[in-house]
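The structure appears below as structure tokens.
The values are calculated or read from the model by the stated rules, or taken from the named source; none is laboratory data. Fair warning: this is a prediction, and the values are worked out from it, not measured in the lab. Ideal geometry is used to build each Cβ from the backbone, glycine not excepted, and the neighbour counts take in all protein chains shown. For the accessible areas, the whole protein counts, side chains as well, though only heavy atoms, and no ligand, DNA or RNA atoms are used. Shrake-Rupley method; radii C 1.70, N 1.55, O 1.52, S 1.80 Å.
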Amino acid sequence: MHIPPDWGIFFALIVSFLVFWFIFDRLFFGPFLKLLGDRENRLKDLSARAEELLKEEKAAGQERDRQLAELRRKALAVREAERRKAEADAARVIEEAKTEAHRALERVRAGIENELRAGERELEQLSRVLAVELAGRVLGRPVDGAAPGAQGTSNN
């Protein structure tokens, strides 16, 4: 059994399909495909912008690291210069203190030597006086000790 096709219905179906296709293309498929295309283009633009921002961030990070390294190097140089200056100042102050201590020590030595000489002169005078007094007691008569070369001779 063979049923022959109804060509009128067939053509009506074809025409209605094309009309619905045209309507759906204009109302749904076109705007939807345009929306998908726009969204894809925005995603591509955002992806490119994100890559560009990542490259900028990486470059900024490298620049920041370079600047930090430069600042550290400068800070180390300044600190080293200050340390050297402080060491030089300390050495100068120590040298001045040594010089002043040496001068003070020399003044003290000179003062001690002067006092020692004065003490020796006093002792020498005292020993002459005592020698004259002792000679007078031993001899039982007064001894004149005024003459430095007399040494116990009397003028009586």
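Taking H placed 1.01 Å from N in the peptide plane, check which residues at least 5 places from ASP144 or on another chain put their amide H under 5 Å from its amide H.
Counting only residues 5 or more places away or on other chains, the set is ASN155.
Leaving ligands, DNA and RNA out of it, report the carbon-plus-sulfur percent of the accessible area of the chain at a 1.4 Å probe.
The C+S portion of the solvent-accessible surface of the chain is 63 percent.
Against the longest principal axis of the chain, how steep is helix 7-24, in degrees 0 to 90 to the nearest 10, with axes from Cα atoms?
For helix 7-24, the angle is close to 30 degrees.
All other residues with a Cβ under 11 Å from the Cβ of ALA101 taken together, and with Lys, Arg as +1 and Asp, Glu as -1, what is their net charge?
Within the 11 Å Cβ shell, the charges total -1.
Please give the contour-minus-distance gain from ARG26 to LYS44: 0.36 nm per residue of separation, less the Cα-Cα distance, rounded to one decimal in nm.
3.9 nm
So if I take the centroid of the Cα atoms in the stretch 20-61 and the same for the stretch 77-146, what is the distance between those two points in Å?
About 101 Å separates the Cα centre of the stretch 20-61 from the one of the stretch 77-146.
For the stretch 1-84, give the magnitude of the charge dipole about the Cα centre (Cβ charges: +1 Lys/Arg, -1 Asp/Glu; no others), in debye to the nearest 20.
For this selection, approximately 840 debye.
Could you work out how far helix 30-139 tilts from the main Cα principal axis of the chain, as a 0 to 90 degree angle to the nearest 10?
0 degrees
From the P(r) of the stretch 1-46, could you give the percentage of C-alpha pairs in the tail past 14 Å?
66 percent
Using only alpha-carbon positions, what ratio does the radius of gyration of the chain give when scaled by 2.2 N^0.38 Å?
Normalised Cα radius of gyration, the chain: 4.11.
About the Cα centre of the chain, how large is the charge dipole given +1 on each Lys and Arg Cβ and -1 on each Asp and Glu Cβ? Please answer in debye to the nearest 20.
Here the size comes out at about 80 debye.
What number, rounded to the nearest 500 deg cm²/dmol, is the helix-based mean residue ellipticity at 222 nm of the chain, given -39500 (n - 2.57) per DSSP H run of at least four residues and division by all its residues?
That calculation yields -31000 deg cm²/dmol at 222 nm.
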